[in-house]
Amino acid sequence: MTSRIGRAGRAILGGVLAVAFTSAAAIPASAADDADEPAIRWSVTPADESGPDGRTAVEHDIDPGESVSDYFAVRNVSEADVTFRLAAADGFYTRTGRFDMLPADQESVDSGTWISLPDEVAVPAGETVVIPFEIDVPDTAEPGDHAAGITASILSVQSGEDGASVGVESRVGFRVLTRVTGEITPAAAVESLAATYALSWNPFRPGEMTVTFEVVNEGNTRLIAEGVTLAGGQQAVFPAEGDIRQELLPGDTRTMTAVVDGVWPFFLVPTKVVLSPVVVTMDGETTAMTPVEAEVLVWAVPWPQLLLLAGIALIIGALVWGRRRSKAKLATALEQAREEGRRAAAISTDSETDAS
């Protein structure tokens with residue numbers, strides 16, 4: 001299936017493959033090969049025999065050597081009849097945490113090869129067609145989670161900036177997750193932990209610690225990576241509020257960053273990452289794993305505070321030196337006055353002696 005799509009793409013003059021993928025197809029995709037032609041718009045969702053069933057992804061527990069039948073629906077929202085290419089391929093999560101699947105010019109080696117479905121489907125304008133598909137798990141499949149995707153796509157020809165014809169594949173689809181039954185062993189690790197401290201040059205305000213680390217899914221089930229970063233008595237959760245949830249498939253490595261505010265520089269600041277992975281089951285329930293920790297010591301020299309202390313020390317030193325100098329001048333003046341007094345007394349005594 002993948003090779004057929006690849007040949008079709010290469011057959012287009014100056015073909016360049018451009019791929020778009022959505023996990024749930026809640027918003028229909030659109031494509032047009034000419035600005036004057038109406039856009040082709042469609043959506044792809046899991047379904048039952050009668051039509052879309054509300055699922056956003058297909059998830060099944062399947063024994064090795066067994067198979068499961070399921071359905072998906074392709075809805076043509078455009079005003080013209082369209083024949084869509086259908087394909088299945090291995091899935092993965094991007095570094096931003098979004099699900100995607102291999103493009104047509106890359107060969108699947110895992111659960112993308114377990115899915116059987118028609119090569120194409122013709123959908124009349126404004127209609128929805130339900131397509132059956134099969135997931136056949138090999139006897140040798142490893143226990144655990146395996147991700148794939150199913151898409152419906154169209155190929156079009158567009159003109160590039162240099163006038164050359166460019167082949168574009170526009171596709172939309174959904175996730176297919178297969179959990180092969182057997183021993184499920186969730187495991188995670190925190191690696192490549194590093195941190196940098198950013199000073200606030202206002203000596204009365206703390207700085208911030210930026211912590212970067214890698215979360216590695218070492219088990220055979222998908223995990224949600226979340227936890228807390230601790231530095232200098234302060235903490236920050238990850239992912240931060242508003243950030244996308246970070247889900248990792250078996251074998252995935254995801255680089256994450258957390259920023260801890262309000263950290264005072266104390267030369268060496270202990271910094272710790274506490275990863276609390278969450279195991280996701282097929283029925284949507286979650287199970288927390290034993291937290292995984294990693295620590296590092298980070299240099300945080302309090303230069304603003306040291307400069308402030310140095311300035312205060314200079315001022316105090318100047319005041320002390322000034323007082324000592326004033327005392328020395330006063331002592332000198334008093335000694336001079338005493339000396340003058342002694343001289344005057346000596347002169348007076350001499351005068352009286354001469355008079356006698």
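Under 12 Å from a label point 7 Å along Cα→Cβ of Phe266: give me every residue in the stretch 201-230 with its amide N that close.
Taking a point 7 Å out along Cα→Cβ of Phe266, no residue of the stretch 201-230 has its backbone N under 12 Å.
Decide, for the stretch 105-243, between rounded, prolate and oblate: order the square roots of the alpha carbon gyration tensor eigenvalues as a ≥ b ≥ c, take rounded if a/c falls under 1.5, and otherwise choose prolate if a/b is larger than b/c, else oblate.
Verdict is oblate for the stretch 105-243.
For the pair Leu319 and Glu134, how long in nm is the line joining their label points, each one 7 Å along Cα→Cβ?
Between Leu319 and Glu134, the label points sit 9.1 nm apart.
Work out how much length Asn202 to Ala125 would gain on full extension: take 0.36 nm times their residue separation and subtract the Cα-Cα distance, in nm to one decimal.
21.2 nm
Can you give me the % of accessible surface on the stretch 259-356 that is carbon or sulfur? Probe 1.4 Å, all protein chains present, nothing else counted.
64
Please give the per residue accessible area of the stretch 32-138, computed with a probe of 1.4 Å over protein heavy atoms only, in Å². Write down the numbers at each step before the final one.
Values: 5460 Å² over 107 residues.
Here the per-residue accessible area is 51 Å².
With an 8 Å Cα cut-off and a minimum separation of 6 or more residues, compute the relative contact order for the stretch 211-280 in percent.
Reported relative contact order: 47 percent.
How would Glu142, Glu79 rank on accessible area, largest to smallest, probe 1.4 Å?
My answer, sorted largest first, is Glu79, Glu142.
Accessible area per residue, 1.4 Å probe, Å², for the stretch 185-241: what's the number?
Numbers: 2650 Å² over 57 residues.
Normalised by residue count, the accessible surface of the stretch 185-241 is 47 Å².
Counting other Cβ atoms within 10 Å, which GluC sites (Glu not before Pro) in the stretch 232-299 have at most 16 and lie in a DSSP loop?
Glu241, Glu285
Expected output is a single nm value to one decimal: the length gained when fully extending between Gln234 and Ser50, i.e. 0.36 nm times separation in residues minus the C-alpha distance. What is it?
60.8 nm
On a 1.4 Å probe surface of the protein chains, which of Thr229, Thr287, Thr140 comes out largest in accessible area, and what is the full order?
Thr140, Thr287, Thr229
The values are calculated or read from the model by the stated rules, or taken from the named source; none is laboratory data. Keep in mind the model is a prediction, meaning the values are calculated, not measured. Don't worry about glycine lacking a Cβ; one is built from the backbone with ideal geometry, like all the others, and counts go over all protein chains shown. The area values use the complete protein model at the heavy-atom level, side chains included, leaving out ligands, DNA and RNA. Shrake-Rupley method; radii C 1.70, N 1.55, O 1.52, S 1.80 Å.
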